[in-house]
Amino acid sequence: MSHDLLHPGVVFPYQHPRGRYQLSFMEAKQACEEQDSTLATPEQLIQAWKEGLDCCNAGWLADGTVRFPINQPRVTCGGPNLLPGVRSYGSKDKKRLYDGFCFSSALKGKVYSFQPKGKMNQTEAQQACQSDGAQIATVGQLYAAWWLAGLNGCKAGWLADGSVRRLITLPSRKCGSSKPGIRSLGFPPPERKYGVYCYKLDD
């Protein structure tokens, strides 16, 4: 997460649908752009770390370096004695595969949870947004709506990349998390049924 007053926006980790460490530098750059975002800069990632971003997966940044932010040292992420901070692998061959860290700041419309007639498969979710004069939201748009516009909710919904994510504003047992944020449910089979997050441009 990042809420820099000079460059307000949000940093979020992004993985390929196939899973962890599947993106070259150019693929990570393209993936972020497809999410209405850009690859984050080192400064943006550091700001996000200061505000609590914790991710054990290393990801590409805009300068061609690979880094990951750690706030909670643990056995499964470098050991419990690893100090909190932004770890850097330095500049890497741009064909090497990692995840990506994206930065989203532009939100020229509104994101909203939509479930007009119950839960929907992926195709029905896309059609539902279109029928409401909107389009299915990207991951970047959902993060920006949560961090910059204060979007509330606890529902899991389809997004444009085929992933399903749950927005958690007020942590609770029902929401399945002790922390606010956006939780990924991965890339379920398209016939599975969830809600959807739509994005509509401002008039």
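Each value in this text was obtained by applying a stated rule to the coordinates, not by laboratory testing. Being a predicted model, the structure only gives us computed values, none of them experimental. Counting neighbours? That spans all protein chains shown, and the Cβs are built from the backbone with ideal geometry, glycine included.
Cross-link partners for LYS110 among the lysines, with Cα-Cα distance under 20 Å and sequence neighbours closer than 8 places in the same chain left out: LYS155, LYS200. For the pair segment 154-203 and segment 85-125, the centres of their Cα atoms are 11 angstrom apart.
Which percent of the Cα-Cα distances in segment 92-141 go past 12 Å? Could the numbers behind the result be given before it?
On the way: 897 of 1225 pairs.
Counting every Cα pair in segment 92-141, those more than 12 Å apart make up 73 percent.
Working note: Debye formula, equal point scatterers on the alpha-carbon atoms of segment 106-203, no solvent; log10 I(q)/I(0) at q = 0.11, 0.14 Å⁻¹ is -0.28, -0.45.
Hey, fewest Cβ within 10 Å first, where do THR169, THR41, THR138, THR76 land in order?
Numbers: THR169 14, THR41 17, THR138 23, THR76 7.
With the sparsest Cβ surroundings first, the list reads THR76, THR169, THR41, THR138.
Share of Cα-Cα pairs in segment 21-112 beyond 17 Å, in percent? Can you show the working numbers first?
Numbers: 2094 of 4186 pairs.
Summing the P(r) tail past 17 Å for segment 21-112 gives 50 percent.
Report, in listed order, any pair from LYS119/LYS174; LYS95/LYS193; LYS95/LYS179; LYS108/LYS179 with a Cα-Cα distance greater than 25 Å.
Details: LYS119/LYS174 18 Å; LYS95/LYS193 36 Å; LYS95/LYS179 35 Å; LYS108/LYS179 27 Å.
Violating the 25 Å limit, Cα to Cα: LYS95/LYS193; LYS95/LYS179; LYS108/LYS179.
Each of CYS198, CYS154, CYS129 was scored by other Cβ atoms within 10 Å of its Cβ. Arranged with the fewest first, they read CYS154, CYS129, CYS198.
Based on the alpha carbons, how large is the Rg to Rh ratio for the chain when Rh follows Kirkwood? Before the final figure, lay out each step's value.
Working: Rg = 16.8 Å, Rh = 17.3 Å.
Here Rg/Rh amounts to 0.97.
Taking Cβ atoms as reference points and 11 Å as the exclusive limit, the residues near VAL139 contribute a net charge of -2, counting Lys and Arg as +1 and Asp and Glu as -1.
Find out how many positive minus negative residues lie around SER163, taking Lys and Arg as positive, Asp and Glu as negative, among other residues whose Cβ is under 13 Å from that of SER163.
+3
The calculated 222 nm mean residue ellipticity attributable to helices in the chain amounts to -6000 deg cm²/dmol, summing -39500 (n - 2.57) over DSSP H runs of n ≥ 4 and dividing by all residues.
Plainly put, segment 1-74 has a radius of gyration that is 0.95 times its Kirkwood radius, both from alpha-carbon atoms, as the Rg/Rh ratio. Once the Cα atoms are used to define both axes, helix 25-34 deviates from the longest principal axis of the chain by about 30 degrees.
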